[in-house]
Structures are given as C-alpha cells and as structure tokens.
1. Could we say that Ile165 is touching a Cys at 6+ places or on another chain (Cβ under 7 Å) and outside any helix (DSSP H, G or I) here?
2. Being touching a residue at least 40 places away in the same chain (Cβ under 8 Å) and either open to solvent by 40 Å² or more (accessible area, probe 1.4 Å) or over 27 Å from Glu789 (Cα atoms) (or both) is the filter here, so list the residues in region 984-998 that pass it.
3. Could you please find all residues in region 187-220 being touching a strand residue (DSSP E or B) at 6+ places or on another chain (Cβ under 7 Å) and either assigned by the TED database to the domain that holds Val506 or in a loop (DSSP other than H, G, I, E, B) (or both)?
4. For region 699-721, state whether one or more residues are within 30 Å of Lys961 (Cβ to Cβ), in the same structural domain as Ser833 (by the TED database) and in contact (Cβ under 8 Å) with a residue 24 or more places away in the chain.
5. So which residues in region 235-261 are under 30 Å from Leu188 (Cα atoms) and without any contact (Cβ under 8 Å) to a residue 24 or more places away in the chain?
6. Tell me which of these Pro524 doesn't satisfy, since it passes every other one: (1) open to solvent by 40 Å² or more (accessible area, probe 1.4 Å); (2) under 17 Å from Ile218 (Cβ atoms); (3) not basic (Lys, Arg).
7. Looking at region 901-919, can you tell me whether even one residue there is more than 28 Å from Gln821 (Cβ to Cβ), in contact with a strand residue (DSSP E or B) (Cβ under 9 Å, 6 or more places away or on another chain), at pLDDT 95 or above and crowded, with 21+ Cβ neighbours inside 10 Å?
8. Out of curiosity, is Leu940 more than 42 Å from the chain's Cα centre (by Cα) and either assigned by the TED database to the domain that holds Val828 or open to solvent by less than 50 Å² (accessible area, probe 1.4 Å) (or both)?
Amino acid sequence: MFHLRTCAAKLRPLTASQTVKTFSQNRPAAARTFQQIRCYSAPVAAEPFLSGTSSNYVEEMYCAWLENPKSVHKSWDIFFRNTNAGAPPGTAYQSPLPLSRGSLAAVAHAQSLVEAQPNVDKLVEDHLAVQSLIRAYQIRGHHVAQLDPLGILDADLDSSVPADIISSTDKLGFYGLDESDLDKVFHLPTTTFIGGQESALPLREIIRRLEMAYCQHIGVEFMFINDLEQCQWIRQKFETPGIMQFTNEEKRTLLARLVRSTRFEEFLQRKWSSEKRFGLEGCEVLIPALKTIIDKSSENGVDYVIMGMPHRYGRLNVLANVIRKELEQIFCQFDSKLEAADEVTASGRWKYHLGMYHAGSIVYRQEYITLSWARPKLSSFYCGDTDGKKTFWIWGLLWCLQVMSILLHGDAAFAGQGIVYETFHLSDLPSYTTHGTVHVVVNNQIGFTTDPRMARSSPYPTDVARVVNAPIFHVNSDDPEAVMYVCKVAAEWRSTFHKDVVVDLVCYRRNGHNEMDEPMFTQPLMYKQIRKQKPVLQKYAELLVSQGVVNQPEYEEEISKYDKICEEAFARSKDEKILHIKHWLDSPWPGFFTLDGQPRSMSCPSTGLTEDILTHIGNVASSVPVENFTIHGGLSRILKTRGEMVKNRTVDWALAEYMAFGSLLKEGIHIRLSGQDVERGTFSHRHHVLHDQNVDKRTCIPMNHLWPNQAPYTVCNSSLSEYGVLGFELGFAMASPNALVLWEAQFGDFHNTAQCIIDQFICPGQAKWVRQNGIVLLLPHGMEGMGPEHSSARPERFLQMCNDDPDVLPDLKEANFDINQLYDCNWVVVNCSTPGNFFHVLRRQILLPFRKPLIIFTPKSLLRHPEARSSFDEMLPGTHFQRVIPEDGPAAQNPENVKRLLFCTGKVYYDLTRERKARDMVGQVAITRIEQLSPFPFDLLLKEVQKYPNAELAWCQEEHKNQGYYDYVKPRLRTTISRAKPVWYAGRDPAAAPATGNKKTHLTELQRLLDTAFDLDVFKNFS
C-alpha cells in the first residue's frame, strides 16, 4: 500500500506544452531518490496552509483520500481532485461554504468544477498499469531474452512467453491498456532508469527500452533480491540508455583475446587430433570473459585471484591464455615419453588435472596480481583459500590481502550437485565468507549426453544462487560485447557489495563430451545446427570490419602472430624431456621447502614444553580474562576443576588440547578449529568460547588472551554441512603450511556425508596433485551402547586407504625410520589413549618438516574418565609422541612369565586393564597400545614381540570383526614377526551395523570380548 501511495502521489496529466518542455529539459537528479515524494501542482506559496507543521497533517489527509475519497471532508476531496487535475496555483483550494440558502449555488458550482476534471481514476489506473508493466519486464524479461546462440532451445526450457510481457499489441489488454495508449506519455517511477535524463516517456518508447534492456542477449535475474539499494544498482547498470558502450581500443583487445582463445584450440586440434583435451570450442568467449573479470577486479583493488574450474570447458586454454602458463610446458604434456623428475609423481591426468600459480602485471595498474589455479573438481568443493580480504598469519607476519575467487562450473553440475548449494550456504557466514565469489557457468546446454530437460527441474541451472540473493546474469555467448559488459558488472558487483554473483554463459559444445566422443548419437538435431554455426571469432571479426574498427589485414595479422607464438612454443616443447612438478603447483609455500621442493630436514624436534608454559596456559584456560564478564555457574565449576588439575600437574583431554593449541599460538601458528558445535564441544568439554550470561552476544575467547604477540585462534561453529565445510577447511589448510586447521565431526560417523572430500581429495591429494596438506580430522569414536549412528568413525575405511604394503617389512635400521615413514605415507591415522599423547600428536603436526593429513579417532567417555589423565612429566621438554605405549606393569618386569600379549588401541585399553586387575592376571597378560596405526610402527612392535618370547599374540578391539582395525593390523603384525606366530582375535563378531543400541546387548558383547581376551585356553583348539 505504501508503494501504491507513493506512486499515485506522483501522477498528474501533462499538457502538450508540458510534454515538450519535459523532453527538452534534463531530468533533475534529485528526482532519483528512495524517499517518498509528494508532487502537488499548486506551489506551496500559493496555498499558505501547506507551509509549516500543517503540511504533515495535509499529507495524512492526502493518504487517506487516496484510499477512500469519501473518508475526508468534501472540501479536501475537491482540493485533492483539483490538484491532481492540474488546477492553476491558488485555485485548487475552495473555502468552506456558508450554511445558508445561498450556499446551494456554490455547491452546484463546485460540483460542476469536479465533474469537469479528467477521469482521475482512469489516469491513476493507467500509470499504475505502466508501473506494473515495467516491473514485469524487470522480473520476467529474461524469460524471453535471446540467449541461445543456436536458436533452438529456450535457456529456461520454456518456449511460452509470460502473459505480462508485451510481445504484441493485443497483450496490452492485460494491463487495461490498448493500442491507442501507445503514444500517451507516462511518468516514470523511481524504480527504473530507462528514461535516462527524461522523467516521462510515451508507452511505445517505454516498451522498446525495456525490451532493449531485458529481452536481447542479456537476461537479468535480480528482482528476488530483498535489498532495494542492490536492486537499484542493477537496474541502473542495465536500464540506462546507451550504457553498454565500448571504445575501439576495447573492441580490438576483445578481438585479440578471441583470436588467442580460438586459435589455441585449433592448434591443439591440428597437432594432436586423437588426444582428449576437453576443448573450449563453442564457448571461446570464456577466455576474454575471465580476463575482463580479472582486469576489472584488479582495477578495484584485488591483488590475488584464485580460480577453480573443472577439467573440461577449455581448462588448457584457460591455463595458457588466462593464467599464462608457458605454452611449451603445456605442449610437452602430450609427449608420452616425458619423464617425471620429482621424487613424488602425480597420478592424475597431467594436462588438465594439475594446478598453477602465476604472478603477473595487469593492464590497469602498475602492480602485480597473483593468479592461483585450483585443481579440477576440487574447485567445486572448497573455497577455503579464496577468502576475500582474509587475514593470513604466514611466516610470523600478518598479511592483509585483497583476495577474490572465481569458480567455473558446468551447467549440469551446477544444477545437479548438492555441494553447490552447500557452498553457497557458507557464503555469508562470518567464519566462512569469501566476501563474494564470481561464479561463471559454462552453460553448453547439455550434460555429457543428458538433455537439460532431463537433468533439472528448475528453469535455469543457476537457480540455486537465488537462495543467497546472488544476482544471475544470463548472456548469449555469441555476443562477445554483451559477455564483456556482464563480466564487468559482475566484477563491480562483487567489489561493491562483497557478495556472490553468477554469470551464465549460454553457449554450445562444438564437439562431444571429449574430442573422441560422437554427440550425434543422442543429440542429432542440436549437432546438425552446430555444424552450421559460424564461430564467434568469425562473427565478431566481420562485425568489427564492417564498423571500421579493424580492417581485414589487421585481423589476419593478429591470427598469424599468435599462430607463430604457438609454433615456436611447440618447437621448444620438443626439448623438454623431464616433467618438473614445481611448474604445476598452484600455491607453492615459499620458504617452507628447499628450492628442489624437498623437506629442509628429516627430523622432528621434541614436542614437549617447559612447565612454566604449561602452567601459564592452564591458568588462562581455567579463568575468564575479561573483566565484568558473567559466566554460567556450571561453567564456573568446570574452570575451577581445570585450575585444580593445573595445581596437581595433570591434564585431561580438553586441557591437553588447550595446551597444544596455546603453545602453537605462541610460536606464531594460526589455529583454526571448525565443525558443528566445536566452540563448546559436542560433549560439553571444550568451552573455548565463553558467553556472558547478562549481555546478549557478548563472548570471550580466552585462547586469544594467552600471549602479547600471539597468532590468532579461530574457533567457529559450522553450518550443518559436513561436505561443504570439510571442503572449505581443506582449501584453507592448503593456503599455508604454518597454520593448524582442524575439522571436528560432531560424531565420527558424520564424516559419511563428507566422504567424497576424504576419498577424492584428502587421501590421494598428494599423489594426484603433488600438493601436501596438513588438515586434521577429529572424529569422535567409541562403542558405548549409543546405537549404530553415534558410535563408529569407521576406522576401517581410513586404514584401507593407507598406501603402505602389509606384506613388506621396511628397513628398520634406516636412519630416522619413523620420520621417513611419515614422509612416505599418504596420511597419518592415530587413536590416542592418553591426553598427553593427544597433546604431542597435535604439536608434531606442525613441527614436522612436511605436511600430511592427520586422522585422529577421539574419545567420548575418556573425556571425563578418571584414569584418562596425563602428568606434566609426560609433556616436558625431551618428550615426544609415542607411536606405541608398551606394557609398564608387573608383566614387563618378568616378561618370560607372560602367557599372552594383547595389542589394542584407544578406549578399550581401559576396559582391558580393569578386567585384568579384577582377574588378578597382571603378571600373565601384557597389554601394548598401538597409538599410531598408520604408518604402522613395525620397529617398535617387533621389540614388543621379542620381549615376550613365550606369549601368544592377540589383537583386541571393541569394534566388530569386519570393522575396526583387525584386518589392517593382523597382516602387518604377521609381517613384523615373519609369520612365526598366529595373531588371534578378541572382539565382537562380524555385523552389518557398527553397534547395537540396546544397552544390555552392548554390555553382553563387551563381557564376551573380555572373556576371550583373558581366557588363556580359548585359542588352543585353533592352534
């Protein structure tokens, strides 16, 4: 209603002289505001009662009259009617009539004056109809935009024209208008810019300009955005007449970029016609589009651009012509005889699966801009190292960088992959925002062989972006200038509002899914049209020649120049005999490795700390470092307990973690812990963020109050998305080796929905992309009768993917055997049984001279177990992470008397020791804990077996036999002892589900495995 009042307040008819005057004068700038404006014809000076405070009263009366003319006094009704009818100054107001017989004549005169005015109701309705028409084009104009370069398919999969879009004059009836209204002049509302400097236009011109703005080669979706300023900004960018203009120099630059994009693909096709390269043919405009986004963003202050894209859609072309990878380095990849020089070789498809890092100058600024190119597919899953304006704590210095991310997508994946929504959902969260990502969709209107009508239910593949109010710009890729303009606007939007934006390049795929594929099997009509389609370079060159911007010889010279560059690079590529992986790294950690890419040492210093540091961190962890801050009473008791532990020189799980984090912060290591409810901890043990009980949203993070010049500590509750969040943290961990990035699952099995990140990227990341990564996964694990969904972190999955050979015993005499094992493995898997060892493994993760993913199966009940405590003595200088914790009780004093040596890991150790004590078997059964499962500690376990020559060997676990660690540990233990003895099993029977939810059944199963573990005769019948 407010909008209706505001619009109606502006309306009044124009005389012919006024119309001419309006078109001859410039439209005043003050008219383009967002304030409610009342435009009365009669000047204020002519109506004295309109001045002063009475004007507010008059406005209220006017609003009431608009809703119902009978709701005000007759004199006000006459005044408002006369004003809207254009009564001359001073005549709109009629004084009240005297109560006498003579007043009858005056009433008749006033009534005749009102009846003589134009039909005001019709006038208001027509203006409102025009406003509705303008809004219809703004909302639905994109549905009729000419987006498909092939002209055979509507981009929104719907060939019908919306009823409120004027495709013919008979549709004017939808608005109560007809053909006779086309030449009438209407005032334009403040919600459109089609008038330029004009405040009114004939209806015919209004429709023409709306069609030019919204129904040509650009389709704009933005009216779902709930911010008026942002909507007005977009309207101004697309509606202003003549705004999409390019200089001749810009056109020549665009042509040159199209030449490079097109001729690069043609060169590859000539030289390697039988090779897959997933070329860009059909969307050659992508190269100038990306260059435009980067140029405009650099002009707006961006220093660092990170790009992620799939392995198709011209990945090699982007590598060559956007990232500026040396052409000979690309061409030599086609040589099957090329050898890998680096010690670690990648297993991916070289040419289009590796990343790239490049620093180069930009045309608009005399400065360097850094381009980093992410791995394929991974770009769809993480954007953690694309954090705009992000603060990195790198090499002890605080760097503030203007960083922007560009993500490329395919149309089928953008609509079909749920990860797209999950990452969009992170875009505005404080600890996950990238401050605006530019998404470029290469919409070739097909997914491998699947028709888009079978691939999505939404009109466009980009509709998912609407949930975060990201504007979507659809553009016909065969109109290069329209593409360039859209990309400029997208870059400006990101710079202005720091929000995501989508550019949908509606194009086609000239070849099949790859160059060897035959698309005519499944899309015969489409590819018949594609065979006839003139390439965009040829179209645009002909246009510029006809405009006189370039001539034919200049165009041909540009082609010859780039062809010569390619040929010279091809000749040089034949001299390349060795592949250097360092040429393909997309974020080379300067200074961390040697110039040859090797670790600076193959040793790890002690991970222990001085007692003063431990005590200081413990005191901060048990206090509130902010004054006048009221915490919950229950939390006060927790902090008091921590303080008592510090006095007693002991730590529990939460305090051990606190000390590991706090000490690394002192050393300049940025720590980031994320996941669901990690601030408090799922099991209410962590409490790294304190909340004031009296002041809403007032919080305190004591970890950031430890040291004067410490690194920052980031702890953030994540959204309920394991897939997207773990992918984000993986990218974050890749940004710098001097940051400890941890992701904690709420329960261990919650990583199920992030399995793609684990299987595709964390596990084989170094083998595929020659990139190390030190991300840490904290996975709560333990069989405690809580049911199948909250018990197992599925350790068998992680162990199955370890890359060591169970049948080969490594050289145990090798120097630094344990460090070399870590260097050769694909990831580290541990299950700590003490807080002290947990403390050490976290610190070791950073102190190692290289980076490997670390998988930690963390406990639940041990968080508060009275025996799960560690002394400060286990954490002092000279101490290290213990890969194996050997038996240290009576059994170790008399090893010859030991009948059974039990191996185990994690929480079950406490069940075993309790049962052993109850059965008085502390001298007959030795228990050895394997803390680091992978890499397997062959050397230490061999010593343990040799120490107990008369003992039979058994592996004990609380997991079911077909799950857990048994299938991983047994063959390696057998290899360790040269298969001299069997390795028996004590644990639960095989099962489909990870655990039972019945408490009695759980306890029965537990007792059964304990009985097996301590019955010294149970395996005799199997010998």
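The values are calculated or read from the model by the stated rules, or taken from the named source; none is laboratory data. Quick caveat, the model's predicted, so the values are computed rather than measured. Note: ideal-geometry Cβ built from the backbone for every residue, glycine included; neighbour counts use all protein chains shown. We work out accessible area using only protein heavy atoms, side chains counted, and drop any ligands, DNA or RNA first. Shrake-Rupley method; radii C 1.70, N 1.55, O 1.52, S 1.80 Å.
1. It is false that Ile165 is touching a Cys at 6+ places or on another chain (Cβ under 7 Å) and outside any helix (DSSP H, G or I).
2. Ala993, Gly997, Asn998
3. Listed by number, the residues that qualify are Leu188, Gly195, Ser199, His217.
4. Keep residues of region 699-721 that are within 30 Å of Lys961 (Cβ to Cβ), which gives none.
Taking every residue of region 699-721 in turn, none turns out to be within 30 Å of Lys961 (Cβ to Cβ), in the same structural domain as Ser833 (by the TED database) and in contact (Cβ under 8 Å) with a residue 24 or more places away in the chain.
5. Our first condition is that a residue be under 30 Å from Leu188 (Cα atoms); within region 235-261, this holds for 235-246.
Result: Ile243, Gln245.
6. Only one criterion in (1) open to solvent by 40 Å² or more (accessible area, probe 1.4 Å); (2) under 17 Å from Ile218 (Cβ atoms); (3) not basic (Lys, Arg) is unmet by Pro524, namely (2).
7. yes
8. Values: more than 42 Å from the chain's Cα centre (by Cα): yes; either assigned by the TED database to the domain that holds Val828 or open to solvent by less than 50 Å² (accessible area, probe 1.4 Å) (or both): yes.
Spelling it out, Leu940 is indeed more than 42 Å from the chain's Cα centre (by Cα) and either assigned by the TED database to the domain that holds Val828 or open to solvent by less than 50 Å² (accessible area, probe 1.4 Å) (or both).
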